[in-house]
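Below is one structure; the comments refer to it alone.
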Amino acid sequence: MSNAGSSEAGSRQAKDGNAPHGVALPSGAQYIDGELRAGTSGREHAVIDPATGDAVFTYDLAGTKDVDAAVAAARAAFPGWAGATPGERSEAMHRFAGVLAERAEEFARAESLQCGKPIKLSREFDVPGTVDNTSFFAGAARHLQGQSAGEYSGDHTSYVRREPIGVVGSIAPWNYPLQMAAWKVLPAIAAGNTIVLKPAELTPLTSLMFAQAATEAGIPDGVVNVITGAGKEAGEHLVGHPDVAMTSFTGSTAVGRRVAEIATATVKRLHLELGGKAPFVVFDDADLEAAVHGAVAGALINTGQDCTAATRAYVQRPLHDAFVQGVADLMATIRLGDPFDESTDLGPLISHAQRDRVADFVDRARGYARVVTGGEAPKTNGLARGAYYAPTLIADAAQDSEIVQSEIFGPVLVVLPFDSDDEGIRLANDTPYGLAASAWSRDVYRTGRATREIQAGCVWINDHIPILSEMPHGGYKASGFGKDMSAYSFEEYTQVKHVMYDNTAVARKDWHRTIFGDR
């Protein structure tokens, strides 16, 4: 097994040669067969610090040749990794978790640098969540049983084998690069597959570090590969590659449709985790203070760049006005600033383009709704250079308006009133999406009804956002299908085989008469 290698060609650090914020930058953005390499597309790309607009890492994008090399490495590694015992895979993944834990601060700083996340979010959510995920799947690797044996026909013994699929080609988004790398890689390799991961071009750093940590932990070369390239070239080639047996994609519903089209043409397994527009339903007996705090936290986490973020608050009319005022007051206390400042609550959006996209949504909404607070890019306190946008609350919008129906992916919450419980649940379900939702009430019967009738892959009660390694994550409707995390994810990353043994040792079976002879 080779060590995590490096190539001086194909990547450049910041112009002064220093590691920004103490982040050691890689010497290439392709990690293939245990080595960092330069991409071969002939095109460069820059990782931009969204807090300043400065380029911090420039690298050569992957081309189709890099995808082919990564898939070939994964295919070559598959027999050995699939043939390892569950205990052997488990031990390697436990070591993997240990390496990640040892390098936690390094991962947190790299994540904040490339994404603009407040350092407290990276340290307290992204990195520990990834370490916990790795530990969970290290244990889960030893629990991949099929059904126990049984004599269902009377003359035969049947059992079910759960087997790895082969080479997995995964595409991850830019909002949670480290956690999304983990969600893609861990269930795949725990089940005995090998993988080629394509992170977003904007945020490759922690995905590359994650793959290097796997090698450091003793996971064989070729099991985990990373290619960083454009979607049209590298991504589509990966999805359509004949040696890729499964595609897992997290991203927008629009791109998910294109991924599905390509994957279907090659008849491969497909897992999609797509957009969301999570409802936040507050009944009139809810704890108002808890609902206000939950709405602000749930709407603004990761600057609202979260497919499960609270984006549509439906508040029963007796609490509506107090809720709007409470949210506006609490949003006014949120501290925007340098992501590496320990006191910063909200960092920039991922890019100036994303900031402008969010601003355009809000500006269009001014024509039909009321901007209660926010609705602008701050120009003071040194924030003008970055992709910052103020926490924004919108009221008086119609249910069928763009601001209510479309995924904005920014720090924007819209609040609408409802009267009856029936109306509240109907409005919650009135979008194409169904990834996550929450309901707020002290009445167990109300909340029970909400969990049954709200069409979403996750429904939280009196909270919004928490996720657990032990519990599945995935959507309904246009939010996709399949599960990340938990033992349920193995349904995506394994194939089920029925094995049947004859127990009679009789040459001529009774059913043969249907083909030849008489009874």
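Look at ARG426 and say whether it is in a helix (DSSP H, G or I), of a type in the set (Lys, Arg), assigned by TED's automatic domain parsing to the domain that holds GLN316 and surrounded by fewer than 20 Cβ atoms within 10 Å (Cβ to Cβ).
In short, yes.
Could you say whether any residue in the range 360-368 is farther than 21 Å from GLY53 by Cα and either outside the structural domain of VAL282 (by TED's automatic domain parsing) or aromatic (Phe, Trp, Tyr) (or both)? Reasoning before the result, please.
We begin by selecting, within the range 360-368, every residue farther than 21 Å from GLY53 by Cα; these are 361-368.
Restricting the remaining residues to those that are either outside the structural domain of VAL282 (by TED's automatic domain parsing) or aromatic (Phe, Trp, Tyr) (or both) gives 361, 368.
The answer is yes, given that some residue of the range 360-368 is farther than 21 Å from GLY53 by Cα and either outside the structural domain of VAL282 (by TED's automatic domain parsing) or aromatic (Phe, Trp, Tyr) (or both).
Given the criterion closer than 30 Å to GLN114 by Cβ and surrounded by fewer than 13 Cβ atoms within 10 Å (Cβ to Cβ), identify the matching residue among ALA332, ALA359.
The unique qualifying residue is ALA332.
Residue under question is ASP419, and the condition is that it be in contact with a Lys or Arg (Cβ under 9 Å, 6 or more places away or on another chain), surrounded by fewer than 15 Cβ atoms within 10 Å (Cβ to Cβ) and modelled with pLDDT of 95 or more; does it hold?
Here the answer is yes, as ASP419 does meet what is asked.
Please give the number of the condition SER489 fails out of (1) under 22 Å from GLY251 (Cα atoms); (2) touching a strand residue (DSSP E or B) at 6+ places or on another chain (Cβ under 9 Å); (3) assigned to a loop (DSSP other than H, G, I, E, B).
Condition (3) is where SER489 drops out.
Could you please find all residues in the range 279-295 being surrounded by 24 or more Cβ atoms within 10 Å (Cβ to Cβ) and either without any contact (Cβ under 8 Å) to a residue 40 or more places away in the chain or out of contact with any Phe, Trp or Tyr (no Cβ under 8 Å at 6 or more places or on another chain) (or both)?
VAL292
If you scan the range 126-177, which residues turn out to be surrounded by 21 or more Cβ atoms within 10 Å (Cβ to Cβ) and in a strand (DSSP E or B)?
PRO164, VAL167, VAL168, GLY169, SER170, ILE171, listed by residue number.
Take the residues of the range 114-131 that are aliphatic (A, V, I, L, M) and within 19 Å of the chain's Cα centre (by Cα): which is nearest to ALA217 (Cα to Cα)? Can you show your working first?
So the first thing to find is which residues in the range 114-131 are aliphatic (A, V, I, L, M), and the list is 119, 121, 127, 131.
Narrowing further to those that are within 19 Å of the chain's Cα centre (by Cα): 121, 127, 131.
Working: LEU121: 26, VAL127: 17, VAL131: 13 Å.
Looking at residues that are aliphatic (A, V, I, L, M) and within 19 Å of the chain's Cα centre (by Cα), I get VAL131.
Could you list, in sequence order, the residues of the range 311-345 that are of a type in the set (Lys, Arg) and either part of a helix (DSSP H, G or I) or farther than 28 Å from SER122 by Cβ (or both)?
If the condition is that a residue be of a type in the set (Lys, Arg) and either part of a helix (DSSP H, G or I) or farther than 28 Å from SER122 by Cβ (or both), then ARG317 is the only one that fits.
Quickly run through the range 266-323 and pick out the residues that are over 22 Å from GLY482 (Cβ atoms) and among the β-branched types (Val, Ile, Thr).
Passing the criteria: VAL281, VAL282, VAL292, VAL296, ILE301, THR303, THR311, VAL315.
Taking the range 432-453 as the search range and keeping residues that are part of a loop (DSSP other than H, G, I, E, B) and touching a Ser or Thr at 6+ places or on another chain (Cβ under 9 Å), which one is surrounded by the fewest Cβ atoms within 10 Å (Cβ to Cβ)? Can you show your working first?
We begin by selecting, within the range 432-453, every residue part of a loop (DSSP other than H, G, I, E, B); these are 432, 435, 441-443.
Next, from what is left, pick out any that are touching a Ser or Thr at 6+ places or on another chain (Cβ under 9 Å): 432, 435, 441.
On the way: PRO432: 14, LEU435: 25, SER441: 23.
Among residues in the range 432-453 that are part of a loop (DSSP other than H, G, I, E, B) and touching a Ser or Thr at 6+ places or on another chain (Cβ under 9 Å), the one surrounded by the fewest Cβ atoms within 10 Å (Cβ to Cβ) is PRO432.
Just name the residue that is surrounded by the fewest Cβ atoms within 10 Å (Cβ to Cβ) out of those in the range 178-208 that are in a helix (DSSP H, G or I) and not aliphatic (A, V, I, L, M).
GLN179
Return the residues of the range 369-389 that are buried (at least 18 other Cβ atoms within 10 Å of the Cβ) and either under 22 Å from ALA55 (Cβ atoms) or not assigned by TED's automatic domain parsing to the domain that holds LEU349 (or both); say none if nothing qualifies.
ALA377, LEU383, GLY386, ALA387, TYR388, TYR389
I'm trying to understand the selection: among the residues of the range 347-382, which are part of a loop (DSSP other than H, G, I, E, B), in contact (Cβ under 8 Å) with a residue 12 or more places away in the chain and polar (S, T, N, Q)?
SER351, ASN381
Condition check ((1) aliphatic (A, V, I, L, M); (2) surrounded by 18 or more Cβ atoms within 10 Å (Cβ to Cβ)) across all residues:
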| position | (1), (2) |
| --- | --- |
| ALA245 | yes, yes |
| PHE249 | no, yes |
| ALA254 | yes, no |
| ALA263 | yes, yes |
| THR266 | no, no |
| LEU270 | yes, yes |
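I need the strands (runs of 3 or more DSSP E) fully contained in the range 25-88, keeping only those with at least 2 residues that are within 14 Å of THR203 (Cα to Cα).
Details: elements: 30-32, 35-37, 44-49, 54-60.
Per the criteria, 44-49, 54-60.
Return the residues of the range 316-356 that are under 26 Å from ALA291 (Cβ atoms) and of a type in the set (Lys, Arg); say none if nothing qualifies.
Passing the criteria: ARG317, ARG335.
The values are calculated or read from the model by the stated rules, or taken from the named source; none is laboratory data. Computed from a prediction, not measured in an experiment: that's the story for all the values here. No Cβ is skipped: glycine too gets one built from the backbone with ideal geometry, and neighbour counts run over all protein chains shown.
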